[in-house]
Amino acid sequence: MKLNDFYCEQWMTAYEKEAVYNMTDTSFSALSFHDLFDSKSLEEFDPLLDYGEITGDRGLKKEIERLYTTNDRALTFCHGALEGNEHVMSTLLEPGDHVIAFRPGYQQFYEYPRSLGCTVDVLDYEEENGWKLPFDAIENTICEKTKMIVLASPANPTGTTLTLKEWERLIELCKSHSICILCDEVYRGLMQTPSVSDLYAYGISTGSLSKVYALPGLRFGWVRAKESVIDQINVRRDYTFISTGPLVDGLAGRAFRKKEWILKRNRALLAENRKILAEWLAFDPRFSIRLYEESPVAFLKYDFDWLSKTFCLQALKEAGIFFVPGSCFGCEYHVRLGLGRESDSFKKGLYQLSHWLDETLKKT
């Protein structure tokens, strides 16, 4: 198995710690241990250092099932949705299978199946149509060997969020060929957007606490699908990581007990930052964006003639402003913008960007 460089993740690793204003992180500002616990509640974790329930704590599974509308699916846990996606693809795909993914999008969705020997078509979201899914292109690309469509809703970095009608249209294209749809739903939860695992027999959802639940360091995620698929994934898990463990499951359970407080906090952050962003866009017309209400991530477009990598490196070096360049997603003249940061820092970062750009462009 040969994997190409993962541009977005490598960019974050290389430069994130240099940022004064991190404008591109896709998680909400992380919660602390004290946000989840008081000193007495820590006592419940004293015995929780064995393997635990191998496919995940049953009580926690019931909590997660409340995020969905059907009750005829199964769950298994993993270390973040990234690992869940990998296990789904490794379990269900074979060399020679055909996979459809989308761009600008998360590179794992198309590079990982290529590493398994699959043929992958990467179709372009329709920027002129608000980064909508290209249904005509999908229909024209599906073939006898198409095994899986991989996407996210809401999507990273465009924020593309499928409506119920759009899901129904995509499922209609897939069901006659029994094509699996793997949807990374890590940004689902702020709004109760549809889940493919509720809508389609061959729908597979992955989720995590990393994004809208503001717990990226916990590395807790799950896969939800029909039981036969989860059974196959559990066989693979025995060879890879065995269990997430009761410590992680326990912390995740604690987060679900405070779910409404966490989501209320993050909805308020998103609403305030959307207002700040709208005011800044009116102030600086060199930038534009298509926002989806359900998504805390979006693709910021600029109208000056710098390649995105050059722009991002110079902004970081000279002003401490950190973005992931659009080139990491195969799309120039854009940068990824995260709307889940603390509002004061978010606002300062945007206006510092305008000030820095004014001074820099004067010199050119």
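The values are calculated or read from the model by the stated rules, or taken from the named source; none is laboratory data. These numbers were taken from a predicted model, which means no experiment stands behind them. Because the Cβ atoms are built from the backbone with ideal geometry, glycine has one as well, and the counts that use them run over all protein chains shown. Please note that ligands, DNA and RNA were not included when accessible areas were found on the heavy atoms of the full protein model with its side chains. Shrake-Rupley method; radii C 1.70, N 1.55, O 1.52, S 1.80 Å.
Could you tell me the extents of region 179-320's C-alpha atoms along the three principal axes, largest first, rounded to whole Å?
52, 35, 33 Å, listed from the longest principal axis down.
Lysines near residue 301 by alpha-carbon distance under 17 Å, same-chain residues fewer than 8 away left out - which ones?
The reachable lysines, counting only those whose Cα sits under 17 Å from residue 301, are 132, 309.
Roughly how many percent of the accessible protein surface of region 97-186 is carbon and sulfur, given a 1.4 Å probe and a whole-percent answer?
Values: 1440 of 3340 Å².
Result for region 97-186: 43 percent of the exposed heavy-atom area is carbon or sulfur.
Once the dipole of the chain is set up with Lys and Arg at +1 and Asp and Glu at -1 on Cβ about the Cα centre, which of 242, 271, 85 lies farthest towards its positive end?
271
Using 24 Å as the Cα-Cα cut-off, could you pick out the over-long pairs in 317/362; 17/348; 61/165?
Working: 317/362 18 Å; 17/348 18 Å; 61/165 28 Å.
61/165, as the Cα separations exceed 24 Å there.
Cα convex hull of the chain: mean projected area in nm², to one decimal? Numbers along the way, then the final one.
Values: hull surface 73.4 nm².
Approximately 18.3 nm², given one-decimal rounding.
Sequence-distant or interchain residues sharing an amide H contact under 5 Å with residue 203, placed H: which?
Here the answer is 181, since their amide H atoms fall under 5 Å of that of residue 203.
Translational diffusion coefficient of region 259-309 at 25 °C, 0.890 mPa s, Stokes-Einstein with Kirkwood Rh over Cα pairs, in µm²/s as a whole number.
Working: Rh = 12.6 Å.
This corresponds to a translational diffusion coefficient of 194 µm²/s.
Which of the chymotrypsin sites (Phe, Trp or Tyr not before Pro) found in region 280-364 are loop residues per DSSP with 13 or fewer other Cβ atoms within 10 Å of their Cβ?
Numbers: sites: 280, 283, 287, 292, 299, 302, 304, 306, 311, 322, 323, 329, 333, 346, 351, 356; in loops: 292, 304, 306, 323, 333.
Answer by residue number: 304.
In nm, what is the difference between 0.36 nm times the number of residues separating residue 165 and residue 351 and their Cα-Cα distance? All intermediate terms of the calculation are to be shown ahead of the outcome.
Working: separation 186, 0.36 × 186 = 66.96 nm, distance 3.83 nm.
Length gained between residue 165 and residue 351: 63.1 nm.
May I ask you to compute the full-extension gain from residue 310 to residue 35, defined as 0.36 nm times their residue separation minus their alpha-carbon distance, rounded to one decimal in nm?
Values: separation 275, 0.36 × 275 = 99.00 nm, distance 3.87 nm.
Additional length available on full extension: 95.1 nm.
Quick check: from the Cα gyration tensor, does region 317-364 come out rounded (a/c under 1.5), prolate or oblate?
Numbers: a/c = 2.44, a/b = 1.04, b/c = 2.35.
Here region 317-364 falls in the oblate category.
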